[in-house]
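Below is one structure, written out as structure tokens, with a few remarks after it.
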Amino acid sequence: MRGRRRMRKIRLSKIYSFALCGKGTLEGEHSQIGGQGFSRVVFCNEEGVMQNYSDNSVRSTKYTAVSFLPKSLFEQFRRVANFYFLVIGVLAMTKLAPYTAVSAIVPLCVIVGATMIKEGIEDWRRKTQDIEVNNRKVKVHKGDGVFEYTEWKNLRVGNIVKVEKDNFFPADLLLLSSSYEDAVCYVETMNLDGETNLKLKQGLDVTSSLQDDSNFRDFKAVVKCEDPNANLYSFIGSLEFEEQKYPLSPQQLLLRDSKLRNTDYVFGAIIFTGHDTKVIQNSTDPPSKRSKIERKMDRIIYFLFCLLFLIAFVGSILFGIATKDELDNGVMKRWYLRPDDSTIFFDPKRVASAAIFHFLTALMLYGFFIPISLYFSIELVKVLQSIFINQDVHMYYEEADKPAHARTSNLNEELGQVDTILSDKTGTLTCNSMEFIKCSIAGVAYGQGVTEVEQAMDRKIGSPLTHEQVYGTESESDENRKSSDRKTRIKGFNFTDERIMNGNWVNEPHADVIQKFFRVLAICHTAIPEVDEDTGNVSYEAESPDEAAFVISAKEIGFEFFKRTQTSLSVNEWDPVSGNKVERMYQLLNVLEFNSSRKRMSVIVKDEEGRISLLCKGADSVMFERLALNGREFEDKTLEHVQQYADAGLRTLILAYRELDENEYKEFNNAFYEAKNSVTADQETLIEEVSNKIERNLILLGATAVEDKLQNGVPDCIEKLARAGIKIWVLTGDKMETAINIGFSCCLLRQGMRQIIIHLDAPEIQALEKGGDKMAISKASRESVLRQISEAALQLTASRGASQQAFALIIDGKSLAYALDDSMKNLFLELAIRCASVICCRSSPKQKALVTKLVKSGTRKTTLAIGDGANDVGMLQEADIGIGISGFEGMQAVMSSDIAIAQFWYLERLLLVHGHWCYRRMSSMICYFFYKNITFGFTLFLYEVYASFSGEPAYNDWFLSLYSILFSSLPVIALGVFDQDVSASFLNYTNKECKMSSSAGAGSSAGCSTDSLVRQWFSSFA
Amino acid sequence: MNSNYSRFTQQELPAWQPILTPRWVITIFTLIALVFIPVGLAAFSASQRVVEVEYEYDTECIPDSYKDNATAYIKDDNTNKTCTQKLSIKSKMQAPIFVYYQLDNFYQNHRRYVKSRSDEQLRTKDKENDVSSCSPEDYVTINNKSEPIVPCGLIAWSLFNDTYKIQNKDKEVVINKTNIAWASDRTTKFGSDVYPKNFQASGLIGGAKLDPTKPLSEQEDLIVWMRTAALPKFRKLYGKIETDLEANDEIVVVIENNYNTYEFGGKKSLVLSTATWIGGRNNFLGIAYVVIGSMSLLLALGFLLLYILKPRPLGDPTYLSWNKNPGGLR
């Protein structure tokens, strides 16, 4: 362990030429420090200085012990019906009541009590979760260089904490130093954005030497920075240390809920605590969601209230007339009622007040129009329904032992109403693992694996009969899914081709090209090998899963990269001459790193023979134009293969190399060094120009194809959902290219779809960005986005008549920020609705939530959001239904979701089977409820005709109050829990048929996804 | 997880959903007809076998001199209230013959009336002061002292007080007035140690007076009366005749016409009725059965004719709404 740690003590920052070069200056944004919104001052490591910032405990519960009773009672009586029954209960104590007070109050108490108990239990679960988080332990500086464990909740702003490997950061920290000399550390932001690849953070140089506990004995610094805000990707501040001021950027900020990886420890100063941290600022309060049916039900209840008031009014008028009649000039008519000696309620001499009082009595009497137990029965039925959802074996993921879990049962029936699904990508559609599956080397395609997309396409082509069989016999296709899962394989490598594997590549015609090809894969990357000392196995920590996949596949083919030092890479290579494994060392001269504008990455290495070569991999759009004239030997073939791979939903990269002579390299290196050390603002541009010059005249080797492994059954499920008329939007934090690729691989995008891409990468805007004038940038960007949107809308309108071409909208995060502006969002939404698929890339959690909100409020239809990471939390909470994927890591999404499932494709069963059932059950149940209560209420009213409207109930008190809550509720509840109009195995097929017919212009069809009975019922009121 | 797999939790229990094919529908309607018509006929004939004599006497028992002022007659304590009428029995009435009084337009179901009683007081001797719900018939002032009325309230106060005597062939027919109230009322709801007190003692006299030496549990007329009727027209059991009355018998009814129904425009009748297995006369049930049965039979026949004359294949999708009107919305 010790030895390895020492070996790994390298200045990792050297291999990054771009990622870390963007060091801020004290000018520009930093001048705002101290001003409005930038008022936070943190005195690091000073116990004495009182700081008025909140502590580090978090609370996600709805109630506290004190507020539970008033708050939950308030919640209960916010419901009109409950409030009505409360008023009735109070009135029932007076003489007005047609029945005894107890019989009116007991049912209310039962209902309210039961609901409150349910609320209490739910909140208690959240409470225990909070307690667990608040009591996690971390080492904090207690003075004199001593670090001791303390609970998270005790941390204060300004504390110095030491976080050890694989632990979560307890608060937002300023990275001071790490176990690496140059204060870099790797963090995993799974909980923030769902991505599992590691991100690099680097502390300031001035603090990087504080690597020991004892260094902190006299450490003092002051941080001035922005106020707490929800923006995960920005941070502006300055550090005053040893009477010098240093600018701080997001690069130095370690966010709560991300995890320290690959780094033994870091020291950090706490900047934001508890509810001030960016993650928690990002999370919005869990809104209480109500389903549409419930809201519609409210309308019906209001209608019933009107009916009730009307009937009571009519009743009291008739009663008044009857009462007035009792005394005719002092002569009693119905003497047995003693009208001469009456109370105010029946006094013929004071008819007006008698009638008004009678109105109140009548309100109580006809209260049976309002089903008191409806809310409770609905809740009960929903709980029972969710038990069925939880126990469904078809949604049980055996491998992870994870059944579906309906966390809030409020929304079961809403599942059958979903109109738009907003899906996260990473971890939801994909497993976030890349697999090397195919490659094209020297114009020859290798690799026999079949991708999910190809499988899906095969199925589509297959005869309709077999197609139906797939729908009909679900268990069979389950088996297939499971068995394909069980196949043991190496993560990141799914390549089979006898011609290349097991050293057979030596016998291929272009063996030398193949050798170079895999060498590029083994060398051209920034991954770090980790050798298991017992078994000798090498594993890799890479920045992105694609990169890991390349290194792994190179290793599997026989080019095992096993050691990286500051200046060299060591690879165990299969030597075709000797037939043995030979260790070769490559001297690493430069790394020209990948970024989204360059779309390529190169390394310059010197091999043992002293040859200098530039190895390059990059996207086809930038690589083909950089090829040398003599390097285009395989261009046509490769291009063709790349096209095929792209169609199969694979991510492709082009591999090429170039030999450099000594002078050429020297020239480059000098220029590069100069550029790197320049202090001007356009440093990045300089580096890019220099790199650009050297990355030319490349010789093409081939192309790789990596499958961003989709989760099981995703394309199939998406297709079925699409056929059921459900729109699917993908909101991802990924790059645009990746997002588009995934769009293709999961059937969201198809060849032949017209893509509308809205972005802000236009040269003029980039030029403005360099200028740094914020106003000008935002103005230009806004105009640009508006122009793009309106142009796209025009295109759509133009093509509508002409062809049945489908459109796909792809928009990036920056543009989205402008498109979501109040002025533009309706235009944007209108455009998006008209497109068959929508993909939003590079979107922040907040944007995801905003898009969800826009769709929800703009279309007024049910939205469903599905995601797995903490970055999806906002979206999940905003949508009508939030579905969390209970993946392997990160429980945040699950904790804030309404329903958690283990696999994306369970959505199909959840929506089409359970959703349909629950919606139908719920709607028939509600109708049944109203039916039974209205009939009951009417018998009471009709009876009054025979009782001279005196307000005498036709039934006994207890029969009255128990009718609703006991006698007539069981059959209704049974209907709500068990009724199936169509069996599960038919539902997929039926729903498809339904929606197909509706897309053919038939509108709604009876007995399909929405319950016709309820429709008729509701439409007559709404 | 798999351990608690069951067809119940998976919602896969065997289920049967009837598909209403013509055969099924015709069979079901025929069956309904076959069951309902005989039941209806049986009920109807049973109802027809009941012999019922109803005699409204409120106008006939007013002497001619008071015809225009019935209220004055009935309110005057000094007028002769006895009224003798003849009734002829059309067909043989077998014992037991139930004697009812029937009131019409009398709202025993009025809320003020229904609530005006004290069950506690009726049940227990100690609770005789529990008269809060009985106003204005709660207390009576005797010797400047407020005394509770037992039984209190409007219901008891307005107890029906007409009496009937029946003679057949100059022989008194005994009307048995025991066991005319519900046994449960007698044993539990009306106390055997509660005696009427201060009842109809002063002020406005409502209806009948009670024998203060008999406990409430034995005052069966009161018990019957206190079980308030649901509708304004009602019958209450007066007594039972335990001898047969032959067809064409002329019976003489001697009525003490005391009860004031004239003020509120009510009617009073005397009813003699036998009973069969469906109770008293009630043709409605039998007719309802027969009507439903015959409608089913007609429907069955109609469907059968349609099925034979103009059959069509089942599940023909061209009949679906969206196929009938292609291209159109809805």
Open item on the list: For the range A:788-804, give me the residue count where each residue is surrounded by fewer than 13 Cβ atoms within 10 Å (Cβ to Cβ) and either modelled with pLDDT under 85 or closer than 28 Å to A:P845 by Cβ (or both).
Closed with: 7
- [ ] Find the residue count for the range A:933-961, including only residues that are away from chain B (no Cβ under 11 Å) and either buried (at least 21 other Cβ atoms within 10 Å of the Cβ) or assigned to a helix (DSSP H, G or I) (or both).
- [x] 15
- [ ] Confirm whether A:R334 is out of contact with any strand residue (DSSP E or B) (no Cβ under 6 Å at 6 or more places or on another chain) and free of Cβ contacts under 8 Å to residues at least 24 places away in the same chain.
- [x] yes
- [ ] Could you tell me whether B:T274 is among the polar types (S, T, N, Q) and under 19 Å from B:N179 (Cβ atoms)?
- [x] yes
Open item on the list: It is to be established whether one or more residues within the range A:262-279 are farther than 30 Å from A:Y375 by Cβ, buried (at least 21 other Cβ atoms within 10 Å of the Cβ) and at pLDDT below 80.
Closed with: yes
- [ ] Only residues that are surrounded by 21 or more Cβ atoms within 10 Å (Cβ to Cβ) and either farther than 27 Å from A:S896 by Cα or out of contact with any Ser or Thr (no Cβ under 6 Å at 6 or more places or on another chain) (or both): list them for the range A:826-841, please.
- [x] A:F828, A:L831, A:A832, A:C835, A:S837, A:V838, A:I839, A:C840
Task: the range A:123-148 residues that are farther than 29 Å from A:M895 by Cα, paired with ones that are assigned to a loop (DSSP other than H, G, I, E, B) and not acidic (D, E) (beta carbon under 8 Å, 6 or more apart) - done: A:H141/A:N45; A:H141/A:N159; A:E148/A:K142
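Let's see how each residue does on (1) surrounded by fewer than 21 Cβ atoms within 10 Å (Cβ to Cβ); (2) of a type outside the set (G, A, S); (3) within 25 Å of the chain's Cα centre (by Cα); (4) within 14 Å of another protein chain (Cβ to nearest Cβ):
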position: A:G367; (1), (2), (3), (4): no, no, no, no
position: A:I372; (1), (2), (3), (4): no, yes, no, no
position: A:L384; (1), (2), (3), (4): yes, yes, no, yes
position: A:H394; (1), (2), (3), (4): yes, yes, yes, yes
position: A:D419; (1), (2), (3), (4): yes, yes, yes, no
position: A:K425; (1), (2), (3), (4): no, yes, yes, no
Open item on the list: Filter the range A:385-410 down to the residues that are without any contact (Cβ under 8 Å) to a residue 24 or more places away in the chain and over 21 Å from A:G976 (Cβ atoms) and list them by number.
Closed with: A:V393, A:D401
Open item on the list: Looking for something away from every other protein chain (no Cβ under 14 Å), touching a residue at least 40 places away in the same chain (Cβ under 8 Å) and surrounded by fewer than 16 Cβ atoms within 10 Å (Cβ to Cβ) - is there at least one such residue anywhere in the range B:180-188?
Closed with: yes
- [ ] Determine if the range A:79-93 includes at least one residue that is within 30 Å of A:N135 (Cβ to Cβ), surrounded by 13 or more Cβ atoms within 10 Å (Cβ to Cβ) and of a type in the set (S, T, Y).
- [x] no
TODO: For the range B:195-206, indicate whether the set of residues that are crowded, with 17+ Cβ neighbours inside 10 Å, small (G, A, S) and either part of a strand (DSSP E or B) or at pLDDT below 90 (or both) is non-empty.
DONE: yes
- [ ] Scan the range A:968-1003 for residues that are at the interface with another protein chain (Cβ under 10 Å from one of its Cβ atoms), outside any loop (DSSP other than H, G, I, E, B) and at pLDDT 85 or above and jot them down.
- [x] A:V977, A:F978
TODO: Would you check if A:L239 is under 14 Å from A:K201 (Cβ atoms), surrounded by 19 or more Cβ atoms within 10 Å (Cβ to Cβ) and either in contact with a strand residue (DSSP E or B) (Cβ under 6 Å, 6 or more places away or on another chain) or aliphatic (A, V, I, L, M) (or both)?
DONE: no
- [ ] Inspect the range A:279-290 for any residue being in contact with a Gly (Cβ under 8 Å, 6 or more places away or on another chain) and part of a strand (DSSP E or B) and give the result as yes or no.
- [x] no
Task: Filtered residue count, the range A:429-449, keeping only those that are in contact with a helix residue (DSSP H, G or I) (Cβ under 8 Å, 6 or more places away or on another chain) and either under 30 Å from A:G874 (Cα atoms) or at pLDDT below 80 (or both) - done: 5
- [ ] Filter the range A:396-417 down to residues that are within 12 Å of another protein chain (Cβ to nearest Cβ) and either part of a helix (DSSP H, G or I) or of a type in the set (A, V, I, L, M, F, W, C) (or both), then give me how many there are.
- [x] 2
TODO: Considering (1) under 29 Å from A:T323 (Cβ atoms); (2) more than 14 Å from every other protein chain (Cβ to nearest Cβ); (3) among the acidic types (D, E), say which one B:D170 fails and leave the rest.
DONE: (1)
Open item on the list: Restricting to the range A:655-689, and then to whatever is in contact with a Leu (Cβ under 7 Å, 6 or more places away or on another chain) and not in a helix (DSSP H, G or I), can you tell me which residue is farthest from A:T451 (Cα to Cα)?
Closed with: A:S678
Open item on the list: I want to confirm something. Restricting to the range B:223-263 and keeping residues that are in a loop (DSSP other than H, G, I, E, B) and among the small types (G, A, S), which single residue is nearest to B:S91 (Cα to Cα)?
Closed with: B:A247
Task: Qualifying strands (runs of 3 or more DSSP E) (wholly inside the range A:527-583; at least 1 residues being over 23 Å from A:S433 (Cβ atoms) and touching a residue at least 60 places away in the same chain (Cβ under 8 Å)) - done: A:568-574
TODO: Take the range A:787-830 and flag every residue that is assigned to a helix (DSSP H, G or I), under 27 Å from the mean Cα position of the chain (by Cα), without any contact (Cβ under 8 Å) to a residue 60 or more places away in the chain and over 18 Å from A:Q766 (Cβ atoms).
DONE: A:I789, A:K825, A:N826, A:L827, A:F828, A:L829, A:E830
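The values are calculated or read from the model by the stated rules, or taken from the named source; none is laboratory data. Here the structure is a predicted model, which is why all the values come from computation and not from measurement. For neighbour counting, all protein chains shown are included, and Cβ atoms are generated from backbone atoms with ideal geometry for every residue, glycine included.
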